[in-house]
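Following: one structure in structure tokens, then a few remarks.
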Amino acid sequence: MSLSKSQQIHEEAKKYTPGGVHTSIRNVDPFPVFTKGEGAYIYDADGKKYIDYQAAFGPYILGHNHPYVNGKVIEALGRTDLYGVGTTDLEVECARKIVSHVPSADQVLFCNSGSEATYHAIRLSRAVTGRTKLIKFQGCYHGWHDYVARNMLSAWDMIGKRDPGSAGMMDEAIDNTLICTFNDLDSVEQTLRNNKNEVAALIVEPIPHNIGCIMPEPGFLEGLRELCTANGVILIFDEVITGFRHNIGGYQKVAGVTPDLTTMGKAMANGFPIAAIAGKRELMQRFNTQPGGDVWFAGTYNGHAVGTAATIATLEMMENEPVHEHVFRLGEKMRSGIRDIHARLGVKAIVAGFGSVWTTYFMDFVPKNYTDLQHNDATLYVNYRKKLIERGIFKMPMNIKRNHVSYSHTDADIDYTLEVIEDVLKELV
Ligand SMILES: Cc1ncc(COP(=O)(O)O)c(C=O)c1O
């Protein structure tokens, strides 16, 4: 049997790398090997073109290989890179922009991944409060480290129970992370009551996009703000997905709720590696980048010219062009188009989403937390995506994953995608 180019590369990858992939959930079926990305499109090693809605899990708010961002990165690399001492003009400009746009950001520090940012936010919270425990929500994802890697995409019978995401985690880390239910303020209030004066921080994705798109009910984020303030708990908005994608000021700007600390990454630099932690000055000054600070903050590659130049360029695009207007309009066009198809074909499904993000849950009520997603038909969800992939529409072939539109997608891309969706649903349902 002759193997396609993609299959040959996959076979080769497995020789050198466990599973042939560099992040666990990249090992999907069908196994893709993409070799070119341009705007809204990606191409596999065999030359097949796809409209990309996976967007590498969210960074591509402008589209792949965006000429303005790439140009600014190349220009920066023509003169500068990384020094490991002092600061750079790019770091200062990048920080100034973030502080000027993000409501909770009096000050900001750069690191390289969202996981680093959430780690720093939690350690800072523990230092500031002198407390140990952390609250997170079932289904939310905040990175791979021990503080947060529990009760993510739990098996349905493990919801809310002790569910570490990895072997080798420290028991102490697992057991000091308490699990609450999203959109359920009573569960948070009760957890705070049962752990009085022991909770350092509460971390939340203001919209849990790691499970598709579950919107916070009116009053939920405000309620978290009030409970955290009343109990001396640091409120961390993990805006690694929502930040910059939903608004240049983050979802906190849309919601009108200001956390104490914010973590950011992904859409911040349109695919280049950089992340950030920002927050109130009195908290941020505890980091030991400030003389006298006692919370360790370091990283060889922090503030590299590639990430800072890319962030500046991405934010300039958002400042100067109708990026959000475009992705919000196309996101809504996609959602309403899919709803019309469902109505025509009698498909029972919920089209969830916000702004540029959407997903179709195959269930008959609007889910408000991870528990509700048990009612989604997971087999249909994944089969639907696999059929779309066959037809050149790339979405992650995995249950409850979201889709993204970028500034590079066009009305014609959405119209074509809707045509294919209708064909595929006719076949499947
Ligand atoms: C909300 C959220 N926080 C943190 C992270 C971790 O970011 P990274 O993969 O850059 O470490 C992710 C990654 O998907 C995320 O979605």
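Figures for the structure shown
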{"quantity": "Over the chain: helical MRE at 222 nm, DSSP H runs n ≥ 4 each giving -39500 (n - 2.57), nearest 500", "calculated": "-11500 deg cm²/dmol"}
{"quantity": "Built amide H within the under 5 Å cut-off of Arg150, gap 5+", "calculated": "Gly165"}
{"quantity": "Heavy-atom accessible surface of the stretch 67-320: percent carbon and sulfur, 1.4 Å", "calculated": "52"}
{"quantity": "Residue-count net charge about Lys253 - beta-carbon cut-off 13 Å; Lys, Arg +1, Asp, Glu -1", "calculated": "0"}
{"quantity": "Euclidean distance between Cα centres, the stretch 329-351 to the stretch 367-401, Å", "calculated": "15"}
{"quantity": "Backbone HN-Hα couplings from phi across the stretch 36-48 [Karplus 6.51/-1.76/1.60, Hz, Gly and Pro as x]", "calculated": "8, x, 8, x, 8, 10, 10, 10, 8, 4, 9, x, 6"}
{"quantity": "Enclosed volume per residue, in Å³, of the convex hull spanned by Cα atoms of the stretch 161-254", "calculated": "117"}
{"quantity": "GNM result for the chain, Cα springs below 10 Å: residue of Gly355, Gly86, Gly265 fluctuating most strongly", "calculated": "Gly86"}
{"quantity": "Mean separation of Cα contacts under 8 Å, 6 or more apart, over the residue count of the stretch 67-320: relative contact order %", "calculated": "29"}
{"quantity": "Computed Kirkwood radius, in angstrom, where 1/r is averaged over Cα pairs of the chain", "calculated": "22.4"}
{"quantity": "Hits among aspartates and glutamates - C-alpha to C-alpha of Lys386 under 13 Å, sequence gap 8 or more where chains match", "calculated": "Asp29, Glu427"}
{"quantity": "Antiparallel DSSP beta bridges within the chain, percent to nearest 5", "calculated": "55"}
{"quantity": "Relative contact order %, the chain, counting alpha carbon pairs below 8 Å whose residues are six or more apart", "calculated": "21"}
{"quantity": "For the stretch 170-175, Karplus couplings with θ = phi - 60° (6.51, -1.76, 1.60), whole Hz, Gly/Pro x", "calculated": "6, 3, 4, 5, 4, 7"}
{"quantity": "Residues of type aspartates and glutamates that Lys48 reaches as a straight line, Cα spacing below 14 Å, ignoring anything fewer than 8 places off in the same chain", "calculated": "Glu38, Glu390"}
{"quantity": "Cubic angstrom per residue, convex hull over Cα atoms of the stretch 24-88", "calculated": "146"}
{"quantity": "The stretch 67-320: radius of gyration and largest Cα-Cα distance (Dmax), Å", "calculated": "17.9, 57"}
{"quantity": "Volume in Å³ per residue [convex hull over Cα atoms, computed for the stretch 303-429]", "calculated": "133"}
{"quantity": "Point-to-point label distance, Asp171-Glu321, nm (Cα→Cβ direction, 7 Å offset)", "calculated": "5.5"}
{"quantity": "Sequence of Ser356, Ser2 when ordered by accessible area, the most exposed leading, probe 1.4 angstrom", "calculated": "Ser2, Ser356"}
{"quantity": "Alpha-carbon centroids, the stretch 270-321 and the stretch 25-84: separation in whole Å", "calculated": "22"}
{"quantity": "For the stretch 105-234, alpha-carbon Rg relative to the globular expectation (2.2 N^0.38 Å, N residues)", "calculated": "1.01"}
{"quantity": "Backbone HN-Hα couplings from phi across the stretch 327-341 [Karplus 6.51/-1.76/1.60, Hz, Gly and Pro as x]", "calculated": "6, 5, 5, 5, x, 5, 4, 5, 4, 6, x, 5, 4, 4, 4"}
{"quantity": "Lysine-lysine proximity count for the stretch 67-320, Cα under 27 Å, sequence distance 8 or more or distinct chains", "calculated": "18"}
{"quantity": "Solvent-accessible heavy-atom area per residue, rounded to whole Å², over the stretch 313-425 at 1.4 Å", "calculated": "37"}
{"quantity": "Accessible area (Å², per residue) of the stretch 168-209, counting only protein heavy atoms and a probe of 1.4 Å", "calculated": "42"}
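The values are calculated or read from the model by the stated rules, or taken from the named source; none is laboratory data. Quantities reported herein were computed from a predicted structural model and do not represent experimental measurements. Using ideal geometry, Cβ is built from the backbone for each residue, glycine included, and neighbour counts are taken over all protein chains shown. Calculation scope for accessible area: heavy atoms of the full protein, side chains included, ligands and nucleic acids excluded. Shrake-Rupley method; radii C 1.70, N 1.55, O 1.52, S 1.80 Å.
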